[in-house]
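Engineer: One structure is given below, represented as C-alpha cells, and several questions about it will come after.
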C-alpha cells in the first residue's frame, strides 16, 4: 500500500507571536503555537533564557530548553536599552499575539502592559503569565513551580504518609502553559468573529488550584482532604500498586462494580468476597482498605507476574507496570519525532495528538540570538 502520510497542514500559519519569556510556562504555550504553524519570535536576555542553564544533558543543551523552544526564532534584547525597547515595540505593532512572563509589574514598567498594547492595536491578543495572578496579597510575589506545588496544597496530598512530596515534573508550570495555550486559541477564534483581540491573564497558582478541585471539594464539603497514600488512589479501592511473587510490582484499578465482580471471581478467585459487607461498594472498600489489601497481597504474592497479568488481562482489568524513565525510553507505545538543535538532532516525544494521514514536522531549537541580525533588519525603523 502506498504511503498516504503527508506534511501536517499548520492551522496557525501566517500568525505572528512575540513572546518575552523564560523558564517553562510561557515557553510551553508559545512552543505549542509554533508547533501549530505560528511564527514565534522568542525574546531573550542577552545571556539567554535562564532555562538554557538548567542542565546540559542533551548534547550540551538543557533538557527543558530543548523540549519547549523548538520552532522559534531567537532574538536577544536588553530592554533597558532604548533602541532594543523600540525594536520590540515595532515588532509588537505587527504581532497577533504577545505573551510575557516577566516578574510582576515588569512589563507594565517597560510600556509593554496589556492596556497600552491593546489601546494601540485593538486586534492584538495579550497573554500575561504570573505566579499568583494580578490582584490579591500575593500579586507581587515571584513564584516557581515547587513553591506553587507547596502553596496550592498539591505537595500536602502527594507522597507517602511520612511526609509531603514533589510531583516529579514541573506540573504547575506545565498546567499554566496549557491553560495559556488554550486561552490564546479561544481568543483567536473570538477575534475571528468580532475583530477584537483579548487581554488574557493566567497564573501558576490558578492553574494548579483548578487541578486541585477534587481535594478542595473533599475539604470544603466532606470529611477533609484526602490523605497521602503513596502509589494508591485516596478515594478508590482497590486502585494502586501491589507486589506479586518475587517482589515485582503491578498497578491495577477497579472503577466500577462490574470490574469488582470480575476481579473477585476471575483474578482473586474469592467469590465469597462479593457477599462480604466490608467490600459491598467502593465507599466500604475504602473504609476497609487494610483488610482488602491483606487479601489482595496474599493472592498476588503467590502468583508470578506473568500468571497475574494474564488473569488481569483476561478479566479486562486495567493494569500497568511501575516503570522508570529507562522503561519509558524503550516503551513500545512511545512515539518520537526528530528535532534539530544547535548541537545536533534530538529525538523528542512526538506531540500527543495525531492528525491521521499527516506527520509532524517540527522546527529547530534556536541558539541564543540565532535570528537576531535578520530580525533587527526586518523590523528596523
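Engineer: Nearest 0.05, what FRET efficiency do residue 377 and residue 353 give at R0 = 35 Å with Cβ-Cβ as r?
Structural biologist: In this case the efficiency is close to 0.45.
Engineer: What area, in nm² and to one decimal, does the C-alpha convex hull of the stretch 239-321 cast on average over all directions?
Structural biologist: 4.6
Engineer: Between residue 243 and residue 54, what is 0.36 nm times their sequence separation minus the Cα-Cα distance? Round to one decimal in nm.
Structural biologist: 64.4 nm
Engineer: Going by the alpha-carbon gyration tensor, a ≥ b ≥ c the square roots of its eigenvalues, is the stretch 180-219 rounded (a/c under 1.5) or, if a/c is not under 1.5, prolate (a/b greater than b/c) versus oblate?
Structural biologist: Taking the square roots of the gyration eigenvalues as a ≥ b ≥ c, the stretch 180-219 is prolate.
Engineer: Using r as the Cβ-Cβ distance of residue 269 and residue 333, and R0 as 30 Å, what FRET efficiency do you calculate, to the nearest 0.05?
Structural biologist: So the FRET efficiency works out to roughly 0.50.
Engineer: Give me the distance between the Cα centres of the stretch 6-43 and the stretch 212-262, rounded to whole Å.
Structural biologist: Result: 38 Å between the Cα centres.
Engineer: Taking neighbour counts of Cβ atoms within 10 Å as a proxy for exposure, in what order, fewest first, do 313, 279 appear?
Structural biologist: By the 10 Å Cβ count, ascending, the order reads 313, 279.
Engineer: Please work out how much length the chain gains when fully extended from residue 307 to residue 93, using 0.36 nm per residue of separation minus the C-alpha to C-alpha distance, in nm with one decimal.
Structural biologist: 70.5 nm
Engineer: Does anyone have the angle between helix 289-301 and the longest principal axis of the chain? Alpha-carbon axes, 0 to 90°, nearest 10?
Structural biologist: Result, in degrees: 80.
Engineer: Would you please classify the overall shape of the stretch 1-105 from the alpha carbon gyration tensor, given that a ≥ b ≥ c denote the square roots of the eigenvalues, rounded means a/c under 1.5, and beyond that prolate means a/b larger than b/c while oblate covers the rest?
Structural biologist: It comes out oblate by the Cα gyration axes.
Engineer: At what distance in nm do the modelled label points of residue 134 and residue 321 sit from each other, each positioned 7 Å from its Cα along Cα→Cβ?
Structural biologist: Roughly 4.9 nm, to one decimal.
Engineer: Let me ask something else about it. Of 203, 170, 130, which is the most mobile in a GNM of the chain whose springs link Cα atoms less than 10 angstrom apart?
Structural biologist: Highest fluctuation of the listed residues: 170.
Engineer: Return one number: the angle in degrees, 0 to 90 and rounded to the nearest 10, between the long axis of the Cα atoms of helix 25-35 and the longest principal axis of the Cα atoms of the chain.
Structural biologist: So the helix axis and the longest Cα principal axis differ by about 80 degrees.
Engineer: At a 10 Å Cβ-Cβ cut-off, how would you order 360, 260, 211, fewest neighbours first?
Structural biologist: Result, fewest neighbours first: 211, 360, 260.
Engineer: Same structure, new question: Relative to the longest principal axis of the chain, what angle (0 to 90°, nearest 10) does the C-alpha long axis of helix 171-194 take?
Structural biologist: The answer is roughly 60 degrees.
Engineer: Based on the alpha-carbon set only, what is the convex hull volume of the stretch 95-171 divided per residue, in Å³?
Structural biologist: Looking at the stretch 95-171, the number lands at 104 Å³ per residue.
Engineer: 7 Å from Cα along Cα→Cβ at both residue 16 and residue 217: what's the point-to-point distance in nm?
Structural biologist: 4.5
Engineer: What's the extension gain from residue 141 to residue 190 if we count 0.36 nm per residue and subtract their Cα-Cα distance?
Structural biologist: 14.5 nm
Engineer: Still on this structure, please answer the following. Please order 355, 208 by the number of other Cβ within 10 Å, starting at the fewest.
Structural biologist: 355, 208
Engineer: Of all beta bridges DSSP finds with both residues in the chain, what is the antiparallel percent, to the nearest 5?
Structural biologist: About 40 percent, rounded to the nearest 5.
Engineer: Set the Förster radius R0 to 30 Å, insert the Cβ-Cβ distance between residue 116 and residue 45 as r into 1/(1 + (r/R0)^6), and round the FRET efficiency to 0.05.
Structural biologist: Computed FRET efficiency for residue 116 and residue 45 comes out at 0.85.
Engineer: Rounded to the nearest Å, what's the spacing between the alpha carbon centres of the stretch 147-188 and the stretch 98-131? Just the number, please.
Structural biologist: Cα centroid to Cα centroid, the span is 24 Å.
Engineer: Ok, one more. Out of every Cα-Cα pair in the stretch 222-381, what percent are more than 23 Å apart?
Structural biologist: 57
Engineer: Right, another one. Is any residue of the stretch 342-381 close enough, with backbone N under 19 Å, to a label point placed 7 angstrom from the Cα of residue 85 along the Cα-Cβ axis, and if so, which?
Structural biologist: 380-381
Engineer: What base-10 log of the normalised intensity I(q)/I(0) is obtained for the chain from the Debye formula, alpha carbons as equal point scatterers, at q = 0.07, 0.12, 0.14 Å⁻¹?
Structural biologist: -0.43, -1.02, -1.21
Engineer: Per DSSP H run of n ≥ 4, the term is -39500 (n - 2.57); total these for the chain, divide by its residue number, and report the mean residue ellipticity at 222 nm rounded to 500 deg cm²/dmol.
Structural biologist: Helix contribution divided over all residues of the chain: -10000 deg cm²/dmol.
Engineer: Oh, and also: Along each principal axis of its Cα atoms, how long is the stretch 110-215 end to end? Whole angstroms, biggest number first, please.
Structural biologist: 55, 28, 20
Bear in mind these aren't lab numbers, they're just calculated from the coordinates by the rules spelled out. The shown structure was predicted, so the numbers you read here are calculated from the model rather than taken from an experiment. Counting neighbours? That spans all protein chains shown, and the Cβs are built from the backbone with ideal geometry, glycine included.
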